[in-house]
Amino acid sequence: MKLLYQTHSPYARKALVFAHEVGIADRLEVVHHETSPTRRNEAVFAENPLGKVPVLIRPGLTPIFDSDVICAYLDTLHDGRKLVPPDGEARWQALRIQAVAQGLGDAGIAVRWETVRRPEALRFPPLRDGYTAKLIASYDWLERTLDISPAIHIGHVALATMLGWLEFRELPSFRDGRPRLAAWFDAFDARPSMRATPLSGETHD
Ligand SMILES: N[C@@H](CCC(=O)N[C@@H](CS)C(=O)NCC(=O)O)C(=O)O
């Protein structure tokens, strides 16, 4: 299988870290692509009408996206403990953390548009501030509620890869006044799956 990837995408890294965690990373050929809504990537659009990475190309089958769906699919390809809990309250708790992680990424990208990506004259500070408030509220919520059991799940993978990106892009820090969340992230960040997938590179708009 081929994974359309980007070395500075938290969503793409999430899919690859997930593959490492379930022991099937060696089945993926990772192919870097630059993507941006302002710079069309034809090869990515050919597989995903949203023009975004990650995309998983499966021999003889349709491509799948986005990172949530790719992770759910990869979870069907191994016989170990499932990282997307199949049922019960554990499933909803894991998916809820994943949803917050996805929202952190969306908010972080929005803050970047309003601070560094959009031409300065077109930036809108109230939008920057509104998205920054979502980051802060989510960090505080995670400090209070994150389950830090060693039995990791999809929510943990999504969250660690997103917090790593927020820090990589020097967005408002999740560490200040949140020792529990910071310690959890540092422990997760030391896992071989994270060490094998460092973020690098710049966004090309
Ligand atoms: N919800 C998607 C988000 C994917 C996404 O936003 N990928 C970014 C890279 S970080 C992208 O390709 N952006 C290009 C664009 O927005 O056109 C997922 O979880 O996979």
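FYI, it's all coordinate maths here, none of it is from the lab. Predicted, not measured: the structure shown is a model, and the values here were computed from it. Neighbour counts are summed over all protein chains in view; Cβ atoms, including those assigned to glycine, are modelled from backbone coordinates with ideal geometry.
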Counting other Cβ atoms within 10 Å of each Cβ, which GluC sites (Glu not before Pro) in the range 44-142 have at most 10 and sit in a DSSP loop? none
Taking a straight Cα-to-Cα line shorter than 12 Å from Lys14, and setting aside same-chain aspartates and glutamates fewer than 8 residues away, one finds Asp66, Asp68
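In a shell of Cβ-Cβ distance under 15 Å around Val69, excluding Val69 itself, what net charge do Lys and Arg (+1) and Asp and Glu (-1) give?
Values: positive: Lys14, Lys52, Arg58; negative: Glu47, Asp66, Asp68, Asp75.
Combined, the nearby Lys, Arg, Asp and Glu give -1.
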Quick one: net charge around Ala133, please, counting Lys, Arg +1 and Asp, Glu -1 for every other residue with C-beta under 13 Å from its C-beta. -1
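Quick one: dipole size for the chain, taken about the Cα centre, charges +1 on Lys/Arg Cβ and -1 on Asp/Glu Cβ, in debye to the nearest 20. Don't skip to the end; give the middle numbers.
Values: 25 positive and 26 negative charges, 20 e Å.
Its charge dipole is roughly 100 debye.
About its Cα centre, what dipole magnitude does the range 1-80 give when the only charges are +1 on Lys and Arg Cβ and -1 on Asp and Glu Cβ, stated in debye to the nearest 20? Kindly include the intermediate steps, with their values, before the conclusion.
Numbers: 8 positive and 10 negative charges, 54 e Å.
About 260 debye.
State the Kirkwood hydrodynamic radius of the range 138-177 in Å, one decimal place, computed from all pairs of distinct Cα atoms. Present the calculation step by step, with values, prior to reporting the outcome.
Values: mean 1/r = 0.0910 Å⁻¹.
One decimal place: 11.0 Å for the Kirkwood radius.
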Find which of Gln6, Tyr73, Pro86 sits farthest along the positive direction of the dipole of the range 1-125, computed with +1 on the beta-carbon of Lys and Arg, -1 on that of Asp and Glu, about the Cα centre. Gln6
What number, rounded to the nearest 500 deg cm²/dmol, is the helix-based mean residue ellipticity at 222 nm of the chain, given -39500 (n - 2.57) per DSSP H run of at least four residues and division by all its residues? -15500 deg cm²/dmol
Yeah, the chain with a ≥ b ≥ c from its alpha-carbon gyration tensor (a/c under 1.5 is rounded, else prolate when a/b outruns b/c, oblate otherwise) is oblate
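Which trypsin sites (Lys or Arg not before Pro) in the range 1-51 pass both tests, a DSSP loop state and at most 11 other beta-carbon atoms within 10 Å?
Details: sites: Lys2, Arg13, Lys14, Arg27, Arg39, Arg40; in loops: Arg40.
Answer in residue order: Arg40.
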Please report how far the C-alpha centroid of the range 102-129 lies from that of the range 131-186, rounded to the nearest whole angstrom. 19
Using a 7 Å offset from the Cα along the Cα-to-Cβ direction at both Ile148 and Arg191, what is the distance between the two label points in nm, to one decimal? 1.5
Percent of beta bridges antiparallel (DSSP, the chain, rounded to nearest 5): 55
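Working out 0.36 nm times the residue gap between Arg175 and Trp141, then minus their Cα-Cα distance, what length gain in nm do you get to one decimal? Mind dumping the intermediate values first?
On the way: separation 34, 0.36 × 34 = 12.24 nm, distance 1.29 nm.
Once the chain is fully extended between Arg175 and Trp141, it gains 11.0 nm.
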